[in-house]
Amino acid sequence: MSAVPTVTPEAGPAVTPTRVSGRARPPRLDTGSLFPTLFMLAFLVYFLMPLTWLFIASTKSLDDLFSSFGLWFSGFNLFDNIRDTFAKDGGVYWTWLRNTLMYSFVSAIGAALLAAAAGYGFAKFAFRGKNLLFWFVLGSVMVPTTALAIPTYLMFSRLGITNTPVSVILPSLVSPFGVYLMRMYAESAVPPELIEAARIDGASEWRIFRQIAFRLLAPGLVTVLLFTFVATWNNYFLPLVMLSEPRWYPLTVGLAHWNAQTAAGGGATSAFNTVICGSLISIVPLILAFVLLQRHWQSGLAGGAVKA
């Protein structure tokens, strides 16, 4: 009978314990993501600091505004400041707010529709001079809108439409960046198989765009709409050049008018409080627009429409 070999502890495999104690090891710090996180936090503070100061300053009375620390509350007079803002100069702030809403909504909807139609045409149709015309559109993106304000004013003055809402809305309907964005989006969001199938069924090009392509372009359309809405809402130089009567002013020009009165002094220093509160009120519609329309920013609406 052969002897049974014995296994000594030295001959066995080395076993490394997974725990040093009864508690699990703490997770290791990922130093690779630390710097990007701190960088984004710094940018977050940079962007939120003015809004924080604006909100805190809007809650202060005129005396507390200059005697207290800017980033700390001192009393709470927000509702009184709001009431004074809407009541100042016979309630002209209501007129400026209504004008701004009208300019922004009409310009945003019109620019989005025109950009969607033009972008779809560039993406899905072949015609003579297409590339040259599109390069012209791209070149227009590089031209600042402020450089076009004076020539536009001279042209509109010949037509007799200055100092009217049309003089502010009409230039805002043209969005070269919107056309570029909608062309890029239409090339990927609207499958050519759907268009060909609709043409085989006898649908006209207008019906294809209206009932098929337009729905697939909804996310890009909302993007152009928001960009144009914000740009028109914040537009200052064009209304300043085109409009001469306060009854047509948007909020940007109206608040600048109040601020000029404050800077001039002469008993008008109380307007400084209303300028700050009016600025706070003016950003509320922008926040609401982004909150209400963000759910439309989704892609892949055409997924599954075409069988692979």
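Summary of values
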quantity	calculated
Subset of the stretch 161-171 (residues that are open to solvent by 20 Å² or more (accessible area, probe 1.4 Å) and under 15 Å from Ala108 (Cα atoms))	Pro165, Val166, Ile169, Leu170, Pro171
Enumeration of residues in the stretch 51-97 that are farther than 22 Å from Glu245 by Cα and among the aliphatic types (A, V, I, L, M)	Leu51, Leu54, Ile56, Ala57, Leu62, Leu65, Leu71, Leu78, Ile82
Any chance Met182 is without any contact (Cβ under 8 Å) to a residue 12 or more places away in the chain and under 18 Å from Val224 (Cα atoms)	no
Residues satisfying the stated conditions in the stretch 237-247, i.e. open to solvent by 60 Å² or more (accessible area, probe 1.4 Å), in contact (Cβ under 8 Å) with a residue 24 or more places away in the chain and in a helix (DSSP H, G or I)	Phe237, Pro246, Arg247
Scan of the stretch 177-197 for residues that are in contact with a Phe, Trp or Tyr (Cβ under 9 Å, 6 or more places away or on another chain), of a type outside the set (Lys, Arg) and either under 30 Å from Glu245 (Cα atoms) or open to solvent by less than 70 Å² (accessible area, probe 1.4 Å) (or both), ordered by number	Gly178, Val179, Leu181, Met182, Ala186, Val190
Members of the stretch 198-236 that are without any contact (Cβ under 8 Å) to a residue 40 or more places away in the chain, crowded, with 17+ Cβ neighbours inside 10 Å and either of a type in the set (Gly, Ala, Ser) or within 16 Å of Ser172 (Cβ to Cβ) (or both)	Ala198
Scope the stretch 203-234; condition of a type in the set (Gly, Ala, Ser) and under 16 Å from Met184 (Cα atoms); matching residues	Ala213, Ala218, Gly220
Positions within the stretch 279-295 being surrounded by 17 or more Cβ atoms within 10 Å (Cβ to Cβ) and under 17 Å from Thr223 (Cβ atoms), in sequence order	Ala289
Odd one out for Val253 among (1) surrounded by fewer than 21 Cβ atoms within 10 Å (Cβ to Cβ); (2) part of a helix (DSSP H, G or I)	(1)
Selected residue (criterion: most open to solvent (accessible area, probe 1.4 Å)) from residues of the stretch 101-141 that are of a type in the set (A, V, I, L, M) and over 27 Å from Ala289 (Cα atoms)	Leu132
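The values are calculated or read from the model by the stated rules, or taken from the named source; none is laboratory data. None of the values given here were measured: they were computed from a predicted structure. In this analysis, Cβ positions are derived from the backbone assuming ideal geometry, glycine residues included, and neighbour counts consider all displayed protein chains. Accessible surface is based on the protein model in full, side chains and every heavy atom, while ligands, DNA and RNA are left aside. Shrake-Rupley method; radii C 1.70, N 1.55, O 1.52, S 1.80 Å.
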